[in-house]
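The values are calculated or read from the model by the stated rules, or taken from the named source; none is laboratory data. As the structure is a computational prediction, the values presented were derived from the model and not from experiment. Heads up, the Cβs are rebuilt from the backbone with ideal geometry, glycines too, and the neighbour counts pull from every protein chain shown.
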Amino acid sequence: MSRAPIVLSDGQDIGSRSIGPITQTDIVRFAGAGGDFNPLHHDADYARKAGLPGVISMGQMQAGMLAAWVADLVHVENVLSFSVRFASPLAIGETLDLAGTVAAVDAATGTATLELRAEVSGRVVISGKARVRISPAG
């Protein structure tokens, strides 16, 4: 059963969600699900030798969190495209704050472009865009 698209308008704040603090268990579970066993994600000594403060999560973990939040907001069947840009690492103990705004509404196509971001204390970890199907206002 398909759910109806939601109404969105230009400049609208689409809300926020906080996830965390991120734990080593979160990272290990994601590694198991995705098969990414790079030692940067589970070996603190290795991560420090690589110039990091410690273990970091996989960028795809944050991308997945951002995508899941948008899919929950607009209903997954209304997500037409999704892209991200990785900006900085996410470390154990940090809380990820997801937020976004409606950058543009195209009434002719019944779509909106969302500008998305995931931050830790104001530091952008990942930014993204999504094009979603919307209902006409009214």
Determine which single condition A47 fails, assuming it passes every other condition in (1) of a type in the set (A, V, I, L, M); (2) touching a residue at least 24 places away in the same chain (Cβ under 8 Å); (3) in contact with a Gly (Cβ under 7 Å, 6 or more places away or on another chain). (2)
Okay, helices (runs of 4 or more DSSP H) sitting entirely in region 1-80 with 3 or more residues that are surrounded by fewer than 14 Cβ atoms within 10 Å (Cβ to Cβ) and either touching a Ser or Thr at 6+ places or on another chain (Cβ under 9 Å) or at negative phi (or both), I get 24-34, 44-49
For region 95-118, check the following and say yes or no: at least one residue is among the small types (G, A, S), over 14 Å from the mean Cα position of the chain (by Cα), over 24 Å from A4 (Cα atoms) and in a loop (DSSP other than H, G, I, E, B). no
I'm checking my understanding of the structure. Among residues of region 93-107 that are modelled with pLDDT of 95 or more and of a type in the set (A, V, I, L, M), which one is nearest to I19 (Cα to Cα)? L96
Quick check on region 50-69. Is at least one of its residues in contact (Cβ under 8 Å) with a residue 12 or more places away in the chain and within 26 Å of P136 (Cβ to Cβ)? yes
